[in-house]
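Some notes on the structure that comes next.
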Amino acid sequence: MEITNTGLAAICYGLGAIGPGIGIGYLVGQSVQAMARQPEAAGMVRTTMFLGIAFVEALALIGFVVFFLGQG
Amino acid sequence: MFALHFPPLGHIVDWPGFAGTEGAWYEVNKVVLVYLFALILTCLIFVLGNKKQLVPTGAQNLAEISVEFIDQQLIEPTVGHNERKWLPPFMLSLFFFIFFTNIFEVVPVIQMPANARIALPMFLALFSYVIYHGSGFKEHGPIGYLKHAVVPPGVPKAMLPLVMVIEFVSKFLVQPFSHTVRLFANLLAGHILLVTFAVLSAGLWTTEWYAVFLPLPAFAVVFFTAFEIMVSFLQAYVFTLLFGVYFGAAVSHEH
């Protein structure tokens, strides 16, 4: 079977998505727990959660861009 | 067997110009039109929201809710107590401009998020970059701001050189890059997702037996359209929130 750039790029993107996937799962899970335990702090927790998601997600998105760059 | 013709990536986000000279900087294509629409809509919020009735109606209602939203959800947690008069209107227009350029992803006929081309996110990120670092330099003075930016409080002396390099690279080089890519890649991914399922649906629109699978991608298109409405709001929120965080970090006085 021939190994193509597209296939390698797809595999690399898959690998790159593992870390952020675990990260976002853990982050949101903990935030939900925090909101459930202390509903009055929900607004603050939510803002911080989105911020954290934005930072973690950047890694996955860079992987997504590299996927297209690597195809060529 | 499905005879799918998935368009190459260039075709998904490239639009032929229909006014101006081919290839010139003032050539007008669909993306430029989306910029213009978004600009007009953002200005309309300011114009229509400017009425001062005691009981708000229509556009004034929306304007008041969004000003409150910007104040309480975006500025309060990031910058804290804010005395700069220009900051809320700036963040309001940033938020609405990004939201409107994003939402054209799901508007029928247009269906093109302007932020799926890197030009606009890059411009907005560099614009924010100049504003928050400029404000930091104004607040702390040139040397003071560099020290404020690269030397975090409470770091042991031995670690300082390493931390300074990391902080400098992350604050001055990586920050605008990730700010850009976050908005750009999210919208591009959403657009490709919608195109994929639309192409699948079109491929299954046949008289062969496998047309029975047509409801699956057709339902996916509807579902992801709803999802993308949420994403356009969320990305506008995140972009503005991050501007607030960077701005707050640049002008803070805690240490």
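For the reader, a short list of remarks on this structure follows.
- Taking the conditions (1) under 27 Å from A:Leu69 (Cα atoms); (2) of a type outside the set (Val, Ile, Thr); (3) under 23 Å from the mean Cα position of the chain (by Cα) in turn, B:Phe46 satisfies each one other than (1).
- Residue within the range B:151-164 that is out of contact with any Cys (no Cβ under 8 Å at 6 or more places or on another chain), over 26 Å from B:Ser66 (Cα atoms) and crowded, with 17+ Cβ neighbours inside 10 Å present: yes
- Residue list for the range B:16-33, filter: touching a Gly at 6+ places or on another chain (Cβ under 6 Å) and in a loop (DSSP other than H, G, I, E, B): B:Tyr26, B:Glu27, B:Asn29
- Condition broken by B:Thr78, with the remaining ones in (1) among the polar types (S, T, N, Q); (2) away from every other protein chain (no Cβ under 14 Å); (3) touching a Phe, Trp or Tyr at 6+ places or on another chain (Cβ under 8 Å) satisfied: (2)
- Summed over the range B:1-32, residues that are without any contact (Cβ under 8 Å) to a residue 24 or more places away in the chain, over 27 Å from B:Leu204 (Cβ atoms) and not polar (S, T, N, Q) total 13.
- Any hit, the range B:212-226, residues being away from chain A (no Cβ under 14 Å) and not in a helix (DSSP H, G or I): yes
- Matching residues in the range A:30-55 - criterion: being within 12 Å of another protein chain (Cβ to nearest Cβ), touching a residue at least 12 places away in the same chain (Cβ under 8 Å) and of a type in the set (Ser, Thr, Tyr): A:Thr48
- Given (1) away from every other protein chain (no Cβ under 14 Å); (2) surrounded by fewer than 17 Cβ atoms within 10 Å (Cβ to Cβ); (3) farther than 22 Å from B:Phe69 by Cα, number of the condition B:Leu194 does not satisfy: (2)
- Residues that are crowded, with 17+ Cβ neighbours inside 10 Å and either modelled with pLDDT under 90 or out of contact with any helix residue (DSSP H, G or I) (no Cβ under 7 Å at 6 or more places or on another chain) (or both) within the range A:17-49 comprise just one, A:Thr47.
- Yes/no for B:Ile131 being assigned to a loop (DSSP other than H, G, I, E, B), surrounded by fewer than 19 Cβ atoms within 10 Å (Cβ to Cβ) and aliphatic (A, V, I, L, M): no
- Residues of the range B:49-85 satisfying the condition of being more than 27 Å from A:Arg46 (Cβ to Cβ) and surrounded by fewer than 10 Cβ atoms within 10 Å (Cβ to Cβ): B:Lys52, B:Gln53, B:Leu54, B:Val55, B:Thr57, B:Lys85
The values are calculated or read from the model by the stated rules, or taken from the named source; none is laboratory data. All figures in this text were calculated on a predicted structure; none of them were measured in a lab. Here Cβ is always computed from backbone atoms with ideal geometry, including for glycine, and neighbour counts include all displayed protein chains.
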